[in-house]
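Values quoted throughout were computed directly from the atomic coordinates according to the rules given, and no laboratory measurement underlies them. These numbers come from a predicted model, not from an experiment. Please note: Cβ atoms are built from the backbone with ideal geometry, for glycine as well, and neighbour counts cover all protein chains shown.
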Amino acid sequence: MLLSGCSAEARQSVFDTIRDAVDQAKQRRAEQTGDTPEQPGPTAPLGTDGRSSFDYTQYQNVVSGSLALLEDYWAETLPTLGGTYSSPRSYTYYRSDEGSGPSCGGQPAPARNAFYCPAGDFIAWDETGLLIPYYVSSGDFAASFVLAHEFGHAMQARLGGQERYGVLRELQADCFAGAWSRWVSQRGLLEAGDLDEATLAVISARDVPSVEWTDPAAHGSGFERTRAFGDGFEAGAQACYPAPAERWVLSRG
């Protein structure tokens, strides 16, 4: 999906970029845990959690497979919430280390992030700055969670009754991602440890304690995000819409 039509030189350039992203992800994790990252030899494969090497084709399959399953789930589920389903117009990746990504309403794409753009109705993600490091350091389902969260925002745009506060929109997207994960699990498509990977992705993107829940950029504390994801996984999308603010948002005073 991502490398079709590329020359050998272009593929090698992408591979080098990925290697750098992997090394940076390992270094960030080492700084957080205090562990010293293992230094591979000249011919050693790129290390990952639970894998012997980073396989770009395998990564592509996770991305395309997750998006296909998200489309199937929401085509089935959105009408039960009162919405009319349509797929996002497009999905696009960018590499912040190579320049700017797609703009949304005149705003540049953020580095090391993923987003849904209502103005263009598309989902975009920083491949080398976010998704590949998540995939490498936290596992394939952590990357799937990122896509599921952003897909949740796309579904919010197709529903009425948009939540007033940004934190509730973010927690609702976490809940929607949990509901999709439940649906995937019921079809026997989750592997051991996948939910742990999703939880790690939720926790790693939590707000710091000083962020008030009324902050327009708030996404939720680790507990709030985990609880919203868990509600979706336990009870499905109906538990997410409308957002149960009294259950999800805690005082941070």
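Tally Lys/Arg at +1 and Asp/Glu at -1 over every other residue whose Cβ is under 13 Å from the Cβ of Arg187; what's the total? Walk me through the numbers on the way to the answer.
Numbers: positive: Arg182; negative: Asp72, Glu76, Glu191, Asp194.
Result for the local shell: -3.
By the scheme Lys and Arg +1, Asp and Glu -1, what is the net charge of all other residues having a beta-carbon under 13 Å from that of Phe115?
Details: positive: Arg112, Arg169; negative: Asp121, Asp126, Glu150, Glu170.
Computed value for this residue: -2.
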